[in-house]
Amino acid sequence: MIECIFTSINNGYLPKARILAASVRKHHPEARMVLMLSDRKHPSLDYSDFDQVLMPEDLGIEVENIDAWLFDHTVVELCTAVKPFAFRKLFKQGFKNVVYLDPDTVVYSRMSELETDMERHPVTLTPHVSVPAQDVDDLHDGEMLGCLRHGVFNLGFLALTDQGEGPAFLQWWLDRCRDYCYDDNQRGLFTDQKWIDLAPCFFSTLNIMRLPSYNVATWNLYYRRVGRGTDGEISVNEIYPLRFYHFSGFDIGTHVQMLSKHDGSNACLQDMTSWYTSELSRLANADGVVGYYEHFPNGRKIPADWRRYYRKHPALQAMIPHPWEQQEEMISHFDGAPPTPTGDHRQTGIETWLKAHPSLLAIAKRVIPASLVRMIRS
């Protein structure tokens, strides 16, 4: 029996999380459904689909300055970085097994194989793909983009228990996510996910679930045939009941694009997509709801390059340790003619040099905020 299932979001993803919660209630009614909310509760939103709502301040994250830690993560980085801390919190509450599902997944039938596997394996993962690519498109979308760039395993799903190697795995993953949960391809990082490529090297009892009915998504449709039987139930490869489907990339159009590319004529998948679109519309948030950690209190959205710059400059973190409380100082630092983190107001040699070498501004854009690059150009 699965004791607890949770997902991790900010308020913008609440409609997806509510769809997931309804599917969990239908097929695993005994499981506690928990929401990990990397945000502040909004009075206009309905959180009643969840038995418990956790927020970052509930997790006991061991960092010197939680405000700085929250600021230097983008929304996706933050919602993934908190996942191991949420697992730890739930285990401390007494759950013996916990399953994580991404908010854009839907459970279609009881995950009975997983329930059995968790009795023997403290860690269960699903790979992006488990059958070699059949053509170049499958190779590019599945093996190269899905696995080599973003990680062998898709952490839209993860099942842990508090037995055997489970606690050691969780502590290892938690330590990595606390300090290195960033989307930084140059350093080989993709949030919490790329780290898990190493997990089979370290934990011998880890379980890799290759059943085609788990974590079905557009990147593995080339060997997973989804269809509806005469009884109305959805199956995979005609014999496996669909356990859960991952509507990855739905907001940005990737799901529809990839579905059209890999199985566009599949009536069952088209029906599933239409239903999901309808549910998202029905449960849509009221206008004006914005993520607390995405914006300053004055409503201005925080650029991702500001976060990257902030995380790489400890002196700036020391100067502005509470970015939301010190929004005016932070905005002035990037928008105006800010002092360097050391407090030196004089133009630096690098600014003068870059002005004389405009062709190098493209390189500068990758390492300093765009607002500072504009200042250098002026």
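Below are the figures for this structure:
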item	result
Overall dimensions of segment 20-117 as given by Cα atoms, namely Rg and Dmax in Å	14.7, 43
Charge dipole (the chain, unit charges on Cβ, about Cα centre) - positive-most of 186, 226, 336	336
Along the chain, longest interval not containing exposed chymotrypsin sites (Phe, Trp or Tyr not before Pro), exposed being DSSP loop plus at most 16 other Cβ atoms within 10 Å	48-222
For the chain, built as a Gaussian network whose Cα springs stay under 10 Å, the top-fluctuating residue of 183, 39, 231	231
Accessible area (Å², 1.4 Å probe, nearest 10) - residue 233	110
Dipole magnitude of segment 8-162 about its Cα centre (Cβ charges: Lys, Arg +1; Asp, Glu -1), debye to nearest 20	600
Computed accessible area, residue 335, all protein chains, 1.4 angstrom probe, square angstrom	80
Spatial extent of the chain: Rg and Dmax, with the Cα atoms as the point set, Å	22.3, 75
Largest-first ordering by accessible area, 1.4 Å probe, given options 82, 152	152, 82
Accessible area of residue 302 in the full protein assembly, 1.4 Å probe (Å², nearest 10)	10
Most mobile of 37, 148, 70 in a GNM of the chain (Cα contacts under 10 Å)	148
Unpartnered cysteines - no second Cys beta carbon under 4.7 Å - across the chain	4, 79, 147, 201, 268
Residue-normalised accessible area of the chain, expressed per residue, 1.4 Å probe, Å²	46
Check: segment 175-233 dipole with +1 on Lys, Arg Cβ and -1 on Asp, Glu Cβ, in debye	220
Mean residue ellipticity (222 nm) of the chain, computed from DSSP H runs ≥ 4 via -39,500 (n - 2.57), nearest 500	-10000 deg cm²/dmol
Total charge dipole magnitude, the chain, about the Cα centre, Cβ charges on Lys, Arg, Asp, Glu only, Debye to nearest 20	580
Taking the chain and dividing mean pair separation by its residue count, relative contact order in percent (alpha carbons under 8 Å, at least six apart)	18
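The values are calculated or read from the model by the stated rules, or taken from the named source; none is laboratory data. The structure presented is a predicted model; accordingly, all values stated were derived computationally and were not measured. So basically every Cβ, Gly included, is an ideal-geometry build from the backbone, and we count neighbours across all protein chains shown. Quick note on the areas: whole protein, heavy atoms, side chains included, nothing else; ligands and nucleic acids left out. Shrake-Rupley method; radii C 1.70, N 1.55, O 1.52, S 1.80 Å.
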